């Protein structure tokens with residue numbers, strides 16, 4: 001079996017590549033960066049254009065066909081949104097559609113747009129931090145501290161915690177200068193509490209497997225974490241999946257403050273720390289493979305209550 005992974009330059013990519021290679025799969029990696037770290041671990045590596053570039057789509061089709069790819073998995077929200085649009089405009093050839101291990105959905109853009117998502121959550125009775133567009137005057141409608149972040153994004157790039165109105169004015173000017181359009185960013189109430197990531201696999205809005213991970217320390221990616229049992233978070237995740245008819249492998253971010261749960265964001269992809277959940281005994285990537293080939297989805301039951309510590313390892317090459 002041949003697996004295509006995008007992007008291959010992340011800090012946590014080695015364990016994901018290792019997972020597939022241990023199972024005898026050929027791993028093909030792609031990235032826009034010719035020096036992506038993952039190129040040293042995969043069987044084949046290709047530099048591809050930026051998502052959305054006029055040659056990007058054809059370059060992916062060529063890689064899939066020439067390397068006889070069976071499954072294409074992405075960890076980039078905007079890449080998934082790009083292909084979601086192409087799926088519904090019938091621009092993906094019929095013989096390649098099943099290869100995309102993406103959770104295609106007509107409401108995907110709304111669910112991944114943090115501003116619209118916040119409104120949807122409130123409409124359905126979920127707790128969500130107050131969220132406004134980054135616009136002049138909105139600083140008077142929200143209490144500090146706040147978080148500024150892009151409406152659609154992966155990770156912590158261009159995310160800022162702001163303590164006061166003066167700081168907000170500074171970042172407003174910075175974003176206006178760098179990106180021109182500030183309304184592609186949001187201001188969100190900062191909820192100070194315990195952070196959780198929930199990895200889950202669902203079919204037609206029903207959870208098949210679920211792991212709750214407490215984020216103890218993180219800097220862009222989780223550095224220390226702990227798998228916990230939390231019935232309230234499990235109940236919230238089940239309700240979220242049912243309301244929005246979620247399918248496939250996904251994750252959500254939750255913050256608990258004073259016994260109250262706030263749903264922060266939804267990511268229609270594997271989390272960067274998916275191997276933590278897999279090592280606890282819940283093999284989500286196997287679920288993706290099962291789904292691809294129309295097999296019954298294995299349900300693994302409760303995970304082991306593991307703890308995780310992530311550290312750096314050097315790679316030397318000429």
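Would you mind listing how long region 130-189 runs along its three principal axes, going by Cα atoms, in whole Å with the largest first?
Its Cα atoms span 25, 22, 15 Å along the three principal axes.
In whole Å, what is the distance between the alpha-carbon centres of region 46-112 and region 210-275?
First find each Cα centre; the distance between them is then 25 Å.
Over region 1-52, what is the relative contact order in percent, taking alpha-carbon pairs closer than 8 angstrom and at least six residues apart?
39 percent
Just need log10 I(q)/I(0) for region 182-291 at q = 0.11, 0.15, 0.20, 0.23 Å⁻¹, Debye formula, equal scatterers on the alpha-carbon atoms, no solvent, rounded to two decimals.
So the normalised log intensities are -0.34, -0.64, -1.10, -1.38.
For region 1-66, would you read off the P(r) tail past 17 Å as a percentage of all alpha carbon pairs?
Here the tail beyond 17 Å accounts for 37 percent of pairs.
In nanometres, what is the gap between the two model label sites at residue 293 and residue 55, each 7 Å from Cα along Cα-to-Cβ?
Result for the modelled spin labels: 3.6 nm.
With a Cα-only, solvent-free Debye model of region 22-167, what are the log10 I(q)/I(0) values at q = 0.10 Å⁻¹?
-0.50
Hey, what number do you get for the chain at 222 nm if only DSSP H runs of n ≥ 4 count, each worth -39500 (n - 2.57), divided across all residues, to the nearest 500?
Counting only the DSSP helices, I get -8500 deg cm²/dmol.
With percent of Cα pairs over 32 Å apart in mind, check [x] 20; [y] 29; [z] 67 and report the label derived from this structure.
[y]
Along the Cα→Cβ direction, 7 angstrom out, place labels at residue 279 and residue 160. What is the inter-label distance in nm?
Between residue 279 and residue 160, the label points sit 3.6 nm apart.
Relative to the present Cα-Cα distance, how much length would full extension add between residue 216 and residue 97 at 0.36 nm per residue of separation?
The residue 216-residue 97 span can extend by a further 39.0 nm.
Got the relative contact order for the chain handy, in percent, Cα pairs under 8 Å and 6 or more residues apart?
Here the relative contact order equals 15 percent.
Any idea what the relative contact order of region 48-196 is, in percent, if you count C-alpha pairs under 8 Å spaced at least 6 apart?
Relative CO of region 48-196 lands at 21 percent.
With bins 10 Å wide starting at 0, give me the P(r) of region 254-318 over every alpha carbon pair, in whole percents.
Going out from 0 Å in 10 Å bins, region 254-318 shows 15, 31, 35, 15, 4, 0 percent.
Rule-based calculations on the coordinates, nothing more; no lab input. A quick note: this is a predicted structure, and the numbers were derived from the prediction, not measured. Every residue, glycine among them, receives a Cβ derived from its backbone with ideal geometry; neighbour counts consider all protein chains shown.
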